[in-house]
Amino acid sequence: MNEIFDKLDAEFAARFGGRPAVHVRAPGRVNLIGEHTDYNDGFVFPMAIDRACHTAARRRDDGRVRIHTMNLGLTGEVPLDDLDVRPGREELWLNFLRATAHELREAKWPVSGADIAVFTTVPIGGGVSSSSAYAVALCLTLLAVAGETEPDRIELARLLQRTENRATGLRGGIMDQFTALLNRADHALLLDCRDLTFQHVPMALDGYRFIVTHCGLPRTLARSKYNERRAECDEAAAALGVRALRDASHDQLRAAEKQMPANVFRRARHVITEIARTREAARVFQRGDMASFGRLMNESHESLRHDYEASCRELDALVEAARAVPGVLGSRLTGAGWGGCTVTLIRSSADGDYERAVPARYARETGLRPVIITTGAARGAEVWTL
Ligand code: NG1
(Lines give C-alpha, C1' and ligand atoms only; values in the text may rest on other atoms or scores of the structure.)
Protein backbone atom coordinates (compact mmCIF):
# COMPACT_ATOMS: atom_id res chain seq x y z
CA MET A 1 0.00 0.00 0.00
CA ASN A 2 2.89 2.35 0.75
CA GLU A 3 4.03 1.87 -2.82
CA ILE A 4 0.67 3.11 -4.04
CA PHE A 5 0.83 6.22 -1.88
CA ASP A 6 4.44 6.85 -2.98
CA LYS A 7 3.30 6.78 -6.60
CA LEU A 8 0.35 8.98 -5.77
CA ASP A 9 2.55 11.49 -3.90
CA ALA A 10 4.89 11.72 -6.91
CA GLU A 11 1.91 12.34 -9.19
CA PHE A 12 0.54 14.89 -6.75
CA ALA A 13 3.86 16.77 -6.75
CA ALA A 14 4.01 16.69 -10.57
CA ARG A 15 0.44 17.97 -11.00
CA PHE A 16 0.00 20.35 -8.11
CA GLY A 17 3.48 20.90 -6.60
CA GLY A 18 4.62 20.09 -3.07
CA ARG A 19 3.26 17.38 -0.79
CA PRO A 20 -0.25 16.25 0.10
CA ALA A 21 -1.59 16.72 3.61
CA VAL A 22 -4.02 13.81 3.58
CA HIS A 23 -4.12 10.20 2.39
CA VAL A 24 -7.34 8.21 2.05
CA ARG A 25 -8.02 4.57 1.14
CA ALA A 26 -11.55 3.29 0.42
CA PRO A 27 -12.12 -0.35 -0.61
CA GLY A 28 -14.38 -2.01 -3.18
CA ARG A 29 -16.65 -4.79 -2.05
CA VAL A 30 -18.00 -8.16 -3.02
CA ASN A 31 -21.47 -9.17 -1.98
CA LEU A 32 -21.46 -12.78 -0.79
CA ILE A 33 -25.25 -13.05 -0.79
CA GLY A 34 -28.29 -10.74 -0.60
CA GLU A 35 -28.72 -9.25 -4.06
CA HIS A 36 -31.22 -6.51 -4.88
CA THR A 37 -32.41 -6.67 -1.29
CA ASP A 38 -30.86 -3.46 0.04
CA TYR A 39 -33.36 -1.09 -1.58
CA ASN A 40 -36.18 -3.35 -0.37
CA ASP A 41 -35.17 -2.74 3.26
CA GLY A 42 -33.74 -6.28 3.42
CA PHE A 43 -30.46 -7.89 4.49
CA VAL A 44 -27.12 -8.06 2.66
CA PHE A 45 -23.95 -10.00 3.47
CA PRO A 46 -20.97 -8.32 1.75
CA MET A 47 -17.31 -7.84 2.61
CA ALA A 48 -14.82 -5.16 1.60
CA ILE A 49 -12.06 -6.42 -0.73
CA ASP A 50 -8.37 -5.65 -0.69
CA ARG A 51 -8.62 -3.46 -3.80
CA ALA A 52 -9.21 0.19 -3.05
CA CYS A 53 -9.43 3.74 -4.30
CA HIS A 54 -6.58 5.91 -2.93
CA THR A 55 -6.26 9.66 -2.77
CA ALA A 56 -3.55 12.15 -1.85
CA ALA A 57 -4.88 15.66 -1.20
CA ARG A 58 -4.31 19.12 0.22
CA ARG A 59 -6.62 22.00 1.03
CA ARG A 60 -7.00 25.08 -1.23
CA ASP A 61 -8.54 28.32 -0.06
CA ASP A 62 -9.88 29.64 -3.36
CA GLY A 63 -13.07 27.57 -3.54
CA ARG A 64 -11.83 25.31 -6.33
CA VAL A 65 -11.32 21.55 -6.34
CA ARG A 66 -8.70 20.36 -8.80
CA ILE A 67 -8.51 16.64 -9.34
CA HIS A 68 -6.28 14.27 -11.30
CA THR A 69 -7.02 10.60 -11.91
CA MET A 70 -4.02 8.43 -12.68
CA ASN A 71 -6.21 5.61 -14.02
CA LEU A 72 -7.88 7.75 -16.67
CA GLY A 73 -4.95 10.15 -17.12
CA LEU A 74 -7.35 13.09 -16.79
CA THR A 75 -7.25 16.34 -14.85
CA GLY A 76 -10.37 18.35 -14.06
CA GLU A 77 -11.57 21.25 -11.97
CA VAL A 78 -14.79 21.89 -10.11
CA PRO A 79 -15.59 25.31 -8.59
CA LEU A 80 -17.52 24.92 -5.36
CA ASP A 81 -20.01 27.58 -6.46
CA ASP A 82 -21.13 25.45 -9.41
CA LEU A 83 -21.91 21.90 -8.28
CA ASP A 84 -24.67 21.00 -10.74
CA VAL A 85 -24.04 17.64 -12.39
CA ARG A 86 -23.52 17.76 -16.16
CA PRO A 87 -24.79 15.42 -18.86
CA GLY A 88 -22.43 13.05 -20.69
CA ARG A 89 -20.48 9.91 -19.76
CA GLU A 90 -17.18 11.77 -19.85
CA GLU A 91 -18.48 13.98 -17.05
CA LEU A 92 -19.21 11.02 -14.76
CA TRP A 93 -15.98 11.08 -12.77
CA LEU A 94 -16.37 14.83 -12.14
CA ASN A 95 -20.07 14.44 -11.42
CA PHE A 96 -19.13 12.19 -8.49
CA LEU A 97 -17.04 15.06 -7.14
CA ARG A 98 -19.78 17.63 -7.77
CA ALA A 99 -22.42 15.39 -6.18
CA THR A 100 -20.25 14.59 -3.14
CA ALA A 101 -19.45 18.25 -2.46
CA HIS A 102 -23.10 19.17 -3.01
CA GLU A 103 -24.43 16.55 -0.56
CA LEU A 104 -21.80 17.44 2.05
CA ARG A 105 -22.85 21.09 1.85
CA GLU A 106 -26.54 20.23 2.03
CA ALA A 107 -25.83 18.23 5.19
CA LYS A 108 -23.86 21.17 6.65
CA TRP A 109 -20.47 19.47 6.69
CA PRO A 110 -17.46 21.75 6.11
CA VAL A 111 -16.32 21.79 2.47
CA SER A 112 -13.26 23.63 1.19
CA GLY A 113 -11.29 23.70 -2.05
CA ALA A 114 -8.68 20.99 -2.60
CA ASP A 115 -6.07 19.47 -4.87
CA ILE A 116 -6.68 15.73 -5.17
CA ALA A 117 -4.75 12.96 -6.93
CA VAL A 118 -6.60 9.63 -7.29
CA PHE A 119 -5.50 6.10 -8.07
CA THR A 120 -7.72 3.05 -7.82
CA THR A 121 -6.94 -0.67 -7.87
CA VAL A 122 -10.63 -1.61 -7.90
CA PRO A 123 -11.49 -2.96 -11.37
CA ILE A 124 -13.61 -0.23 -12.96
CA GLY A 125 -17.14 -0.98 -14.11
CA GLY A 126 -17.82 -4.44 -12.90
CA GLY A 127 -19.62 -5.63 -9.83
CA VAL A 128 -17.09 -4.84 -7.10
CA SER A 129 -18.26 -1.31 -6.63
CA SER A 130 -15.47 0.82 -8.00
CA SER A 131 -17.87 3.76 -8.02
CA SER A 132 -18.65 3.57 -4.32
CA ALA A 133 -14.96 3.18 -3.47
CA TYR A 134 -14.34 6.36 -5.47
CA ALA A 135 -17.25 8.26 -3.91
CA VAL A 136 -16.30 7.21 -0.37
CA ALA A 137 -12.68 8.21 -1.02
CA LEU A 138 -13.73 11.62 -2.37
CA CYS A 139 -16.08 12.23 0.52
CA LEU A 140 -13.54 11.35 3.23
CA THR A 141 -10.90 13.38 1.36
CA LEU A 142 -13.03 16.53 1.17
CA LEU A 143 -13.89 16.19 4.86
CA ALA A 144 -10.29 15.55 5.89
CA VAL A 145 -8.85 18.55 4.04
CA ALA A 146 -11.55 20.68 5.71
CA GLY A 147 -10.38 19.37 9.11
CA GLU A 148 -13.03 16.68 9.74
CA THR A 149 -11.23 13.35 10.11
CA GLU A 150 -13.69 11.33 12.19
CA PRO A 151 -17.17 11.85 10.80
CA ASP A 152 -20.07 9.60 11.75
CA ARG A 153 -19.74 6.85 9.18
CA ILE A 154 -23.35 5.67 9.25
CA GLU A 155 -24.49 9.20 8.49
CA LEU A 156 -21.94 9.35 5.68
CA ALA A 157 -23.20 6.10 4.17
CA ARG A 158 -26.68 7.63 3.84
CA LEU A 159 -25.21 10.81 2.39
CA LEU A 160 -23.19 8.80 -0.12
CA GLN A 161 -26.26 6.90 -1.21
CA ARG A 162 -27.80 10.25 -2.19
CA THR A 163 -24.48 11.21 -3.82
CA GLU A 164 -24.45 8.17 -6.13
CA ASN A 165 -28.07 8.77 -6.99
CA ARG A 166 -27.31 12.36 -7.92
CA ALA A 167 -24.13 11.53 -9.86
CA THR A 168 -25.45 8.56 -11.86
CA GLY A 169 -29.25 8.76 -11.88
CA LEU A 170 -29.28 5.23 -10.40
CA ARG A 171 -31.76 4.76 -7.56
CA GLY A 172 -29.15 2.60 -5.82
CA GLY A 173 -29.07 1.00 -2.39
CA ILE A 174 -26.77 1.60 0.57
CA MET A 175 -24.80 -1.65 0.71
CA ASP A 176 -21.69 -0.59 -1.17
CA GLN A 177 -21.01 2.68 0.60
CA PHE A 178 -21.80 1.14 3.98
CA THR A 179 -19.40 -1.76 3.41
CA ALA A 180 -16.61 0.49 2.14
CA LEU A 181 -16.98 2.65 5.26
CA LEU A 182 -17.66 0.11 7.99
CA ASN A 183 -16.26 -3.32 7.16
CA ARG A 184 -13.70 -4.80 9.53
CA ALA A 185 -10.58 -6.70 8.34
CA ASP A 186 -11.15 -10.47 8.15
CA HIS A 187 -14.88 -10.03 8.64
CA ALA A 188 -17.97 -9.87 6.47
CA LEU A 189 -20.84 -7.54 7.29
CA LEU A 190 -24.41 -8.61 7.93
CA LEU A 191 -26.40 -5.43 7.40
CA ASP A 192 -30.05 -4.74 8.02
CA CYS A 193 -30.73 -2.13 5.35
CA ARG A 194 -33.85 -0.84 7.09
CA ASP A 195 -32.40 0.40 10.36
CA LEU A 196 -28.70 0.04 9.43
CA THR A 197 -27.92 -2.18 12.39
CA PHE A 198 -25.10 -4.55 11.54
CA GLN A 199 -22.92 -7.33 12.73
CA HIS A 200 -19.26 -8.00 11.88
CA VAL A 201 -19.11 -11.71 11.11
CA PRO A 202 -15.63 -13.28 11.40
CA MET A 203 -14.32 -14.81 8.18
CA ALA A 204 -13.05 -17.97 9.80
CA LEU A 205 -12.68 -19.64 6.42
CA ASP A 206 -10.51 -22.56 7.40
CA GLY A 207 -9.74 -24.37 4.16
CA TYR A 208 -12.11 -22.34 1.99
CA ARG A 209 -11.99 -19.09 0.08
CA PHE A 210 -14.04 -16.79 -2.08
CA ILE A 211 -12.95 -16.12 -5.64
CA VAL A 212 -14.31 -13.15 -7.56
CA THR A 213 -14.24 -13.41 -11.35
CA HIS A 214 -15.08 -10.69 -13.85
CA CYS A 215 -16.87 -12.11 -16.89
CA GLY A 216 -15.26 -9.64 -19.27
CA LEU A 217 -18.57 -7.99 -20.09
CA PRO A 218 -19.24 -4.47 -18.83
CA ARG A 219 -22.63 -3.83 -17.31
CA THR A 220 -24.15 -1.86 -20.14
CA LEU A 221 -27.77 -2.51 -19.28
CA ALA A 222 -27.35 -2.09 -15.57
CA ARG A 223 -28.60 1.45 -15.21
CA SER A 224 -31.91 1.23 -17.07
CA LYS A 225 -32.70 -2.30 -15.86
CA TYR A 226 -31.82 -1.44 -12.28
CA ASN A 227 -34.28 1.44 -12.08
CA GLU A 228 -36.88 -0.68 -13.85
CA ARG A 229 -36.48 -3.41 -11.20
CA ARG A 230 -36.81 -0.88 -8.42
CA ALA A 231 -40.07 0.34 -9.90
CA GLU A 232 -41.33 -3.27 -10.15
CA CYS A 233 -40.46 -3.85 -6.49
CA ASP A 234 -42.34 -0.68 -5.51
CA GLU A 235 -45.31 -1.91 -7.52
CA ALA A 236 -45.25 -5.30 -5.77
CA ALA A 237 -45.01 -3.69 -2.33
CA ALA A 238 -47.98 -1.43 -3.15
CA ALA A 239 -50.04 -4.41 -4.37
CA LEU A 240 -49.23 -6.25 -1.14
CA GLY A 241 -50.02 -3.22 0.99
CA VAL A 242 -46.61 -3.23 2.71
CA ARG A 243 -44.04 -0.47 3.20
CA ALA A 244 -41.29 -2.53 1.52
CA LEU A 245 -40.93 -6.12 0.28
CA ARG A 246 -39.03 -6.85 3.48
CA ASP A 247 -42.41 -6.78 5.25
CA ALA A 248 -44.08 -9.43 3.06
CA SER A 249 -43.91 -13.20 3.52
CA HIS A 250 -43.77 -15.76 0.75
CA ASP A 251 -47.30 -16.94 1.68
CA GLN A 252 -48.63 -13.40 1.45
CA LEU A 253 -47.07 -13.05 -1.97
CA ARG A 254 -48.55 -16.33 -3.22
CA ALA A 255 -51.98 -15.27 -2.02
CA ALA A 256 -51.68 -12.01 -3.94
CA GLU A 257 -50.30 -13.53 -7.16
CA LYS A 258 -53.38 -12.63 -9.22
CA GLN A 259 -53.25 -9.01 -8.11
CA MET A 260 -50.05 -8.19 -9.94
CA PRO A 261 -48.50 -8.73 -13.37
CA ALA A 262 -46.47 -11.98 -13.70
CA ASN A 263 -43.12 -10.18 -13.99
CA VAL A 264 -43.81 -8.11 -10.86
CA PHE A 265 -44.72 -11.30 -8.99
CA ARG A 266 -41.43 -12.94 -9.98
CA ARG A 267 -39.36 -9.88 -8.99
CA ALA A 268 -41.02 -9.91 -5.58
CA ARG A 269 -40.47 -13.66 -5.23
CA HIS A 270 -36.77 -13.15 -5.80
CA VAL A 271 -36.53 -10.38 -3.21
CA ILE A 272 -38.58 -12.17 -0.53
CA THR A 273 -36.74 -15.49 -0.93
CA GLU A 274 -33.36 -13.74 -1.20
CA ILE A 275 -33.89 -11.93 2.10
CA ALA A 276 -34.70 -15.28 3.74
CA ARG A 277 -31.65 -16.89 2.09
CA THR A 278 -29.38 -14.11 3.30
CA ARG A 279 -30.43 -14.47 6.93
CA GLU A 280 -30.07 -18.23 6.67
CA ALA A 281 -26.69 -17.86 4.94
CA ALA A 282 -25.34 -15.67 7.74
CA ARG A 283 -26.48 -18.29 10.27
CA VAL A 284 -24.90 -21.27 8.52
CA PHE A 285 -21.74 -19.25 7.84
CA GLN A 286 -21.31 -18.61 11.55
CA ARG A 287 -21.73 -22.33 12.22
CA GLY A 288 -18.98 -23.02 9.66
CA ASP A 289 -21.44 -24.94 7.48
CA MET A 290 -19.88 -24.02 4.16
CA ALA A 291 -21.76 -26.67 2.17
CA SER A 292 -25.06 -25.02 3.10
CA PHE A 293 -23.66 -21.58 2.39
CA GLY A 294 -22.64 -22.74 -1.09
CA ARG A 295 -26.08 -24.22 -1.74
CA LEU A 296 -27.70 -20.90 -0.80
CA MET A 297 -25.33 -19.08 -3.17
CA ASN A 298 -26.43 -21.39 -6.00
CA GLU A 299 -30.10 -20.81 -5.17
CA SER A 300 -29.50 -17.08 -5.11
CA HIS A 301 -28.08 -17.21 -8.63
CA GLU A 302 -30.98 -19.24 -9.99
CA SER A 303 -33.44 -16.81 -8.45
CA LEU A 304 -31.57 -13.83 -9.90
CA ARG A 305 -31.47 -15.57 -13.25
CA HIS A 306 -35.06 -16.72 -13.60
CA ASP A 307 -37.11 -14.47 -11.34
CA TYR A 308 -35.17 -11.22 -11.30
CA GLU A 309 -33.71 -11.61 -14.80
CA ALA A 310 -30.53 -9.87 -13.68
CA SER A 311 -28.14 -12.39 -15.21
CA CYS A 312 -26.93 -12.79 -18.78
CA ARG A 313 -25.56 -15.60 -20.95
CA GLU A 314 -21.97 -14.82 -19.94
CA LEU A 315 -22.59 -14.79 -16.18
CA ASP A 316 -24.55 -18.04 -16.45
CA ALA A 317 -21.70 -19.65 -18.42
CA LEU A 318 -19.16 -18.51 -15.84
CA VAL A 319 -21.24 -19.83 -12.95
CA GLU A 320 -21.71 -23.18 -14.77
CA ALA A 321 -17.99 -23.44 -15.46
CA ALA A 322 -17.23 -22.75 -11.79
CA ARG A 323 -19.74 -25.29 -10.50
CA ALA A 324 -18.18 -27.98 -12.71
CA VAL A 325 -14.91 -27.72 -10.73
CA PRO A 326 -14.71 -30.31 -7.92
CA GLY A 327 -14.21 -28.38 -4.69
CA VAL A 328 -16.58 -25.55 -5.66
CA LEU A 329 -19.41 -25.30 -3.14
CA GLY A 330 -21.39 -22.52 -4.77
CA SER A 331 -21.20 -19.78 -7.38
CA ARG A 332 -23.41 -16.82 -8.22
CA LEU A 333 -23.43 -13.45 -9.91
CA THR A 334 -22.58 -10.63 -7.51
CA GLY A 335 -23.60 -6.98 -7.59
CA ALA A 336 -26.35 -5.61 -9.78
CA GLY A 337 -25.85 -8.18 -12.57
CA TRP A 338 -26.24 -7.87 -16.37
CA GLY A 339 -22.45 -8.30 -16.65
CA GLY A 340 -19.71 -7.74 -14.08
CA CYS A 341 -18.58 -10.40 -11.60
CA THR A 342 -19.37 -13.76 -10.08
CA VAL A 343 -18.39 -14.87 -6.58
CA THR A 344 -17.51 -18.50 -5.92
CA LEU A 345 -16.97 -20.42 -2.69
CA ILE A 346 -14.25 -23.02 -3.14
CA ARG A 347 -12.02 -25.32 -1.11
CA SER A 348 -8.62 -23.62 -1.02
CA SER A 349 -7.00 -26.83 -2.25
CA ALA A 350 -9.02 -26.56 -5.50
CA ASP A 351 -7.85 -23.01 -6.32
CA GLY A 352 -5.43 -24.17 -9.00
CA ASP A 353 -8.09 -26.33 -10.67
CA TYR A 354 -10.40 -23.33 -10.85
CA GLU A 355 -7.71 -21.18 -12.42
CA ARG A 356 -6.91 -23.86 -15.00
CA ALA A 357 -10.39 -25.04 -15.92
CA VAL A 358 -12.73 -22.05 -15.66
CA PRO A 359 -11.09 -19.48 -17.97
CA ALA A 360 -10.46 -22.13 -20.65
CA ARG A 361 -14.02 -23.47 -20.67
CA TYR A 362 -15.53 -19.99 -20.41
CA ALA A 363 -13.40 -18.64 -23.28
CA ARG A 364 -14.44 -21.60 -25.48
CA GLU A 365 -18.09 -20.94 -24.79
CA THR A 366 -18.18 -17.15 -24.98
CA GLY A 367 -14.99 -15.95 -26.68
CA LEU A 368 -14.35 -13.74 -23.63
CA ARG A 369 -11.44 -13.74 -21.18
CA PRO A 370 -12.48 -13.69 -17.54
CA VAL A 371 -10.37 -11.89 -14.94
CA ILE A 372 -9.89 -13.70 -11.63
CA ILE A 373 -9.57 -11.60 -8.48
CA THR A 374 -8.69 -13.47 -5.32
CA THR A 375 -9.24 -11.41 -2.24
CA GLY A 376 -9.45 -11.41 1.51
CA ALA A 377 -11.87 -9.39 3.62
CA ALA A 378 -10.39 -5.93 4.00
CA ARG A 379 -10.77 -3.17 6.51
CA GLY A 380 -13.16 -0.29 5.71
CA ALA A 381 -11.91 3.12 4.58
CA GLU A 382 -8.98 4.81 6.33
CA VAL A 383 -7.87 8.45 6.57
CA TRP A 384 -4.38 9.66 7.46
CA THR A 385 -3.38 13.25 8.08
CA LEU A 386 0.28 13.63 7.17
P1 NG1 B 1 -23.23 -2.58 -7.93
O2 NG1 B 1 -22.86 -3.94 -8.22
O3 NG1 B 1 -22.15 -1.84 -7.21
O4 NG1 B 1 -23.76 -1.80 -9.09
C5 NG1 B 1 -25.75 -2.22 -7.10
C6 NG1 B 1 -26.13 -1.21 -6.01
C7 NG1 B 1 -26.27 -1.89 -4.64
C8 NG1 B 1 -27.17 -3.10 -4.72
C9 NG1 B 1 -26.70 -4.03 -5.86
C10 NG1 B 1 -27.61 -5.22 -6.07
C11 NG1 B 1 -25.28 1.10 -5.96
C12 NG1 B 1 -24.10 1.98 -5.82
N13 NG1 B 1 -25.06 -0.21 -5.91
O14 NG1 B 1 -24.45 -2.67 -6.86
O15 NG1 B 1 -26.75 -0.96 -3.72
O16 NG1 B 1 -28.52 -2.73 -4.90
O17 NG1 B 1 -26.63 -3.33 -7.10
O18 NG1 B 1 -27.65 -6.02 -4.92
O19 NG1 B 1 -26.38 1.58 -6.11
Of 208, 308, 134, ordered by accessible area with the largest first and a 1.4 Å probe, the sequence is 208, 134, 308
Along its principal axes, what span do the Cα atoms of the chain show, with the longest given first and each in whole Å? 60, 50, 39
Helix 313-323: angle to the longest alpha-carbon principal axis of the chain, degrees 0 to 90, nearest 10? 70 degrees
Given H placed 1.01 Å from N in the peptide plane, which residues other than close sequence neighbours of residue 381 have an amide H under 5 Å from its amide H? 181, 182, 183
Nearest-ten-degree value, helix 153-168 long axis tilted from longest Cα axis of the chain: 90 degrees
How far is helix 290-306 tilted off the main Cα axis of the chain, in degrees rounded to 10, range 0 to 90? 90 degrees
Lysines near residue 225 by alpha-carbon distance under 27 Å, same-chain residues fewer than 8 away left out - which ones? 258
For residue 114, distant residues with modelled amide H under 5 Å away: 60, 64, 65, 66
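Does the stretch 239-314 come out rounded, prolate or oblate, given a ≥ b ≥ c as the square roots of the eigenvalues of its C-alpha gyration tensor, rounded meaning a/c under 1.5 and, failing that, prolate meaning a/b above b/c? Present the calculation step by step, with values, prior to reporting the outcome.
Values: a/c = 3.10, a/b = 1.50, b/c = 2.07.
Oblate, because a/c is 1.5 or more while a/b does not exceed b/c.
Checking the a/c ratio against 1.5 first, then a/b against b/c, what shape does the Cα gyration tensor give for the stretch 208-373?
On the way: a/c = 2.85, a/b = 1.58, b/c = 1.81.
Since a/c reaches 1.5 but b/c is at least a/b, the shape of the stretch 208-373 is classed as oblate.
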Spelling out what I want: for every residue of the stretch 75-90, take phi, set θ = phi - 60°, compute 6.51 cos²θ - 1.76 cosθ + 1.60 (Karplus), and round to whole Hz; glycine and proline get x. 10, x, 9, 10, x, 5, 8, 9, 10, 5, 6, 10, x, x, 4, 5
Two-site label geometry, residue 273 and residue 238: point separation in nm, points 7 Å out along Cα→Cβ: 2.6 nm
To the nearest 500 deg cm²/dmol, what mean residue ellipticity at 222 nm is calculated for the chain from DSSP H runs of n ≥ 4 alone, each contributing -39,500 (n - 2.57), summed and divided by the residues? -14000 deg cm²/dmol
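Quick check: residue separation of residue 75 and residue 262 times 0.36 nm, minus the Cα distance between them. What number comes out in nm? Provide the component values of the computation, followed by the final result.
On the way: separation 187, 0.36 × 187 = 67.32 nm, distance 4.84 nm.
Stretched fully, the residue 75-residue 262 segment lengthens by 62.5 nm.
Within the chain, what's the longest stretch lacking trypsin sites (Lys or Arg not before Pro) that sit in DSSP loops with no more than 10 other Cβ atoms inside 10 Å? Don't skip to the answer; put the middle values down first.
Details: sites that count: 108, 287.
In the chain, the maximal stretch lacking such sites is 109-286.
Restricting everything to alpha-carbon atoms, can you work out Rg to Rh for the stretch 343-386 with a Kirkwood hydrodynamic radius? If you can, show how the numbers build up before the last one.
Details: Rg = 16.0 Å, Rh = 13.2 Å.
In the stretch 343-386, Rg relative to Rh is 1.21.
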With an 8 Å Cα cut-off and a minimum separation of 6 or more residues, compute the relative contact order for the chain in percent. 24 percent
Per-residue HN-Hα couplings for the stretch 363-368 [Karplus 6.51, -1.76, 1.60; θ = phi - 60°; Hz; x = Gly/Pro]: 5, 4, 7, 10, x, 10
Assign one of three labels to the stretch 313-364, namely rounded, prolate or oblate, based on the Cα gyration tensor with a ≥ b ≥ c the square roots of its eigenvalues; rounded applies when a/c is under 1.5, prolate when it is not and a/b is larger than b/c, and oblate otherwise. oblate
Selection from 218, 114, 39 lying farthest towards where the dipole of the chain points positive, charges on Cβ: 218
On a straight-distance basis, which aspartates and glutamates could pair with residue 7 in a cross-link, Cα separation under 19 angstrom, same-chain partners fewer than 8 positions away excluded? 50, 115, 382
Note on the stretch 208-373: contact order normalised by length, alpha-carbon pairs under 8 Å, 6 or more apart, percent, works out to 34 percent
Placing one equal point scatterer on each C-alpha of the stretch 20-60 and summing with Debye, one gets log10 I(q)/I(0) at q = 0.23 Å⁻¹ equal to -0.75
At the level of C-alpha centres, the distance separating the stretch 341-386 and the stretch 25-70, in angstrom, is 19 Å
Once label points are set 7 Å from the Cα along Cα→Cβ at both residue 363 and residue 251, what is their separation, rounded to one decimal in nm? 5.3 nm
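Write down the accessible area per residue of the chain in Å², having rolled a 1.4 Å probe over the full set of protein chains. Let's see the in-between values first.
Working: 15280 Å² over 386 residues.
Ligands and nucleic acids excluded, the figure is 40 Å² per residue.
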In sequence order, calculated HN-Hα J values of the stretch 124-133 (Karplus, 6.51, -1.76, 1.60; Hz; x Gly/Pro): 7, x, x, x, 10, 6, 4, 5, 5, 4
Cα centroid distance between the stretch 234-258 and the stretch 179-197, in Å? 27 Å
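The values are calculated or read from the model by the stated rules, or taken from the named source; none is laboratory data. Keep in mind the model is a prediction, meaning the values are calculated, not measured. No Cβ is skipped: glycine too gets one built from the backbone with ideal geometry, and neighbour counts run over all protein chains shown. The protein model used for the area step is the full one, side chains on, heavy atoms only, and it has no ligands, DNA or RNA in it. Shrake-Rupley method; radii C 1.70, N 1.55, O 1.52, S 1.80 Å.
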